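Below is one structure, written out as structure tokens, with a few remarks after it.
Read-outs throughout are calculated quantities, based only on the coordinates presented, and are distinct from any laboratory measurement. What you see is a predicted model; the values in this text were computed from it and never measured. Cβ coordinates were reconstructed from backbone atoms using ideal geometry, including for glycine residues, and neighbour counts include every protein chain displayed.
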Amino acid sequence: MNAAALPVLMYHHVTPNAGLVTVSPATFRAQMAWLARHGYRGITCRDLEKFLDGEPLPKKSVLITFDDGYLDNYVYAHPVLQKLGLHGVIFLVTGWIGESQPRRHAAMGGDLPDCPNHRDATAYIGSGQADRAMLRWSEVAAMQAAGTFEFHSHTHTHTRWDKTIADPAARRTALAADLAESRATLARHTGESPHLCWPQGYFDDDYKRVAGEAGFRYLYTVHKGINTPATAADDINRIVVKDRVGAWFASRMFLYRQPTIGGLYVRLRGD
Ligand SMILES: [Zn+2]
């Protein structure tokens with residue numbers, strides 16, 4: 001049986017420090033264990049490209065995505081994916097990723113680095129201490145080598161240019177430079193990628209054009225919707241994953257694989 005629709009999950013933080021856009025390590029473990037137990041495969045972005053080109057994907061496929069590139073993805077999510085043989089994607093804000101040696105992750109035991117909640121992480125980034133909240137390139141390399149994660153762009157600076165520059169031409173130029181820098185940085189560290197996730201989900205037709213010119217063909221949004229082979233590559237829908245397990249998670253995985261009743265559900269309820 002082939003997939004009629006592809007659920008794309010969206011995470012940010014996996015940390016015991018509760019806050020916005022966060023699931024606890026226990027919730028993440030339970031959600032991933034549920035996927036593994038029910039025979040789901042964590043697909044690659046290359047598989048998604050093929051799905052949108054009309055090639056068959058196994059029925060129980062899921063794309064597991066993370067935004068920004070937080071340290072907690074390495075400390076708490078990476079060991080879970082490794083243990084369960086699942087695969088995910090991290091969209092990196094390439095300008096926030098640090099140098100220096102890898103830190104400890106949960107499967108290593110011992111003293112783990114503190115993984116701040118979203119508010120504290122945002123404050124660290126704003127005060128020039130991004131390394132306290134974000135991944136390092138050495139950790140990115142370790143995850144890529146382990147096959148737990150692949151890496152794509154979430155821009156270089158995570159700037160909302162629509163809010164900072166009023167002049168459309170100047171805004172386009174700034175966005176183009178941001179995207180070019182991110183693409184070049186990724187090419188140096190992890191490889192070429194045509195996959196881009198918009199900061200805070202914001203984009204317009206101008207943005208899409210600039211992204212296309214920068215070489216990004218697959219654009220990830222925060223739109224709610226069902227992804228089918230008819231979905232536009234530059235408007236990929238994602239599911240906001242809540243810090244909930246059991247029936248909530250199982251029902252989302254069911255609904256977002258059903259183009260008809262899932263589509264109806266999204267229109268009526270939309271979460
Ligand atoms: Zn983001």
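Pick out which of Ala232, Ala166, Ala121 has the largest mean-square fluctuation in a Gaussian network model of the chain, springs linking Cα atoms closer than 10 Å. It is Ala166. Using the Cβ-Cβ distance between Asp235 and Ala146 with R0 = 35 Å, the FRET efficiency computed as 1/(1 + (r/R0)^6) comes to roughly 0.65.
Under 16 Å of direct C-alpha separation, and excluding same-chain neighbours fewer than eight residues apart, Lys208 reaches these aspartates and glutamates: Asp162, Asp178, Asp234, Asp235. Spatially, the stretch 107-145 and the stretch 210-271 are offset by 28 Å when compared through their Cα centroids. Around the amide H of His152, modelled in the peptide plane, lie the amide H atoms of Ile90, Phe91, Leu92, all under 5 Å away and 5 or more residues distant in sequence or on another chain. Label separation (Asp204 vs Ala170): 1.6 nm, computed from points 7 Å beyond Cα along the C-beta direction.
Sequence-distant contacts, meaning Cα pairs under 8 Å at least 6 residues apart, place the relative contact order of the stretch 8-268 at 20 percent.
Of the GluC sites (Glu not before Pro) in the stretch 104-201, the ones in a loop by DSSP (not H, G, I, E or B) with at most 14 other beta carbons within 10 Å are Glu192. From helices alone, the chain scores -11000 deg cm²/dmol at 222 nm; the rule is -39500 (n - 2.57) for each run of n ≥ 4 DSSP H residues, then divide by the residue total. About the centre of its Cα atoms, the chain shows a dipole size close to 960 debye [charges on the beta carbon of Lys, Arg (+1) and Asp, Glu (-1) only; nearest 20 debye]. Taking 28 Å as the limit for the C-alpha separation, the pairs Lys59/Lys224; Lys83/Lys224; Lys60/Lys163 exceed it in the case of Lys83/Lys224; Lys60/Lys163.
Annotation note: trypsin sites (Lys or Arg not before Pro) in the stretch 190-271 located in DSSP loop regions with a Cβ neighbour count of at most 15 within 10 Å are Arg217, Lys242, Arg244, Arg269. A simple spin-label model places the labels of Arg119 and Trp34 2.8 nm from each other, with each point 7 Å out along Cα-to-Cβ.
When the charge dipole of the chain is built from unit charges on Cβ atoms (+1 for Lys and Arg, -1 for Asp and Glu) and taken about the Cα centre, the candidate among Leu175, His189, Thr27 whose Cα reaches farthest toward its positive end is Thr27.
Where does the charge balance sit around Val23 when Lys and Arg score +1, Asp and Glu -1, over other residues with C-beta under 11 Å from its C-beta? Charge balance in the 11 Å sphere: +1. Excluding Ile64 itself, what net charge comes from residues whose Cβ is under 14 Å from its Cβ, given Lys and Arg +1 and Asp and Glu -1? Charge balance in the 14 Å sphere: +2.
Which of the three applies to the stretch 60-149, rounded, prolate or oblate, going by the alpha-carbon gyration tensor with a ≥ b ≥ c and a/c under 1.5 meaning rounded?
On the way: a/c = 1.77, a/b = 1.43, b/c = 1.24.
Prolate.
The label-point distance for Arg244 and Arg188, in a model that sets each label 7 Å from Cα toward Cβ, rounds to 4.4 nm.
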